[in-house]
Every structure is written in C-alpha cells, then in structure tokens.
Amino acid sequence: VPCVFGDLSEAKLVEASKPQFDKLVENYKNHSNVQMINSIVTTDGKPVEFFEGGLGYTNSVVERVIRSWEKEEINSSLKESTSINTLIEDKIDWLHLDVEGYDIKLLMGTDPKKLPNLIIFEYENSKEDENNQIKQYLTNLGYELDYRKVSCLAIKKS
C-alpha cells in the first residue's frame, strides 16, 4: 500500500503462517510505521484449529476452504488467536481482510463502533447465506457496498 511504503500511515500487518510472516517481516523491515503480528485473528480470541498446506502458503481456520485448494498434505494444529476487537482496540481508518473464508465471520464479530469507514473484505470463499447476511448487516450500519470479482469495498455513507 503506497501510504504505508511512503511512511504516510501506520499499519498493523497480521499473518498466521510462520513462512508467510517471515516474508512480510523481510518486506517491511525498513518501515518503522509497520507493526508485524504473527497471529491468527478470530472473533473471540480463543484457541482455534488452524489448517496449513504445502509450504505454508495455503492456510485457513475454515477447513473446507483449504481442502478445496490444496493438493498437498494438509496439517492442522490448535493455535492461540487474537480477537478482532483486541486487535483494533482504537478506532482505525480502514480495514482490509483476506482470511480465506473467515472474513464475514470476523466482520460480524467486530464491535460495530470499531468498524472503520472503509472496509475491504473477500467474499469469494464464503457461503451464500453468509454473503446475504453481511450485505444486510453492513447496509443496516450505513455502508454502501461495491462488489468486485472476489472482494467487496464497503464505504460508510456520511
């Protein structure tokens, strides 16, 4: 994101997979405005089963999602997590989620007062009823939704 690379904004980058986290650390090592967090994010912050395949580049807490992609062996383990509400304790400007089938549950589990004016989330790996639920939920909170190929841009109307 240009505003992060240009040191114009602070960012929290969260990655659950250790191999992917290590790559993020390497990519952002010269940016003091970036806080790196190696954790799984959930609605409640409780331990959760984490599925990881291949070299750690395919992972999710939603087993059906990883099973639909990964052809190599999939391992699972119980891991600690951080709740979305703890992660965004303070009001944030924007939120971008890409958590392989868990985006909608995270949004629904976020304190509505903490939701920023700009949200980007993936809906591609979500079930139809979840997509209908998030559309209704965000619309009721005053967001306009712009669905693209795999992601949705939600902007809060003033």
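The values are calculated or read from the model by the stated rules, or taken from the named source; none is laboratory data. Note that the coordinates shown come from a computational prediction; the quantities given were computed from them, not determined experimentally. Please note: Cβ atoms are built from the backbone with ideal geometry, for glycine as well, and neighbour counts cover all protein chains shown. Heads up: the accessible areas ignore ligands, DNA and RNA and are worked out on the full protein's heavy atoms, side chains in. Shrake-Rupley method; radii C 1.70, N 1.55, O 1.52, S 1.80 Å.
Annotations
- Centre separation in Å (Cα based) which lies between the stretch 50-76 and the stretch 79-111: 20 Å
- With every protein chain in place, the stretch 1-105: carbon and sulfur % of accessible area (1.4 Å): 48 percent
- Pairs from Lys29/Lys105; Lys18/Lys46; Lys71/Lys105; Lys46/Lys91; Lys46/Lys113 whose Cα-Cα separation, in the structure shown, is over 29 Å: Lys29/Lys105
- Net charge of neighbours whose Cβ lies under 12 Å from the Cβ of Ile134, counting Lys and Arg as +1 and Asp and Glu as -1: -2
- A 1.4 Å probe run over the stretch 1-136, with the rest of the protein chains in place, finds 58 Å² accessible per residue.
- Since only Ile104, Trp69, Trp94 are under comparison, the one whose Cα sits farthest along the positive direction of the charge dipole of the chain, derived from C-beta charges on Lys, Arg, Asp and Glu, is Trp94.
- When +1 charges are put on Lys and Arg Cβ atoms and -1 charges on Asp and Glu Cβ atoms, the dipole computed for the stretch 6-84 relative to its Cα centre reaches about 60 debye.
- Net charge dipole, the stretch 73-158: roughly 380 debye, given to the nearest 20, about the Cα centre with Cβ charges of +1 for Lys and Arg and -1 for Asp and Glu.
- The Rg/Rh ratio of the chain, with Rg taken over Cα atoms and Rh as the Kirkwood radius over Cα pairs, comes to 0.96.
- Estimated purely from DSSP H runs of n ≥ 4, each contributing -39500 (n - 2.57), the mean residue ellipticity at 222 nm for the chain is -7000 deg cm²/dmol once divided by its residues.
- The chain, dipole about Cα centre (Lys/Arg Cβ +1, Asp/Glu Cβ -1), debye to the nearest 20: 320 debye
- Considering only trypsin sites (Lys or Arg not before Pro) in DSSP loops that have at most 11 other Cβ atoms within 10 Å, the longest stretch of the chain without any of them is 92-147.
- The stretch 105-158: GluC sites (Glu not before Pro) falling in loop per DSSP and having at most 16 other Cβ within 10 Å: Glu124
- Dipole-positive endmost among Asn117, Val25, Tyr57 within the chain (Cβ charges, Cα centre): Asn117
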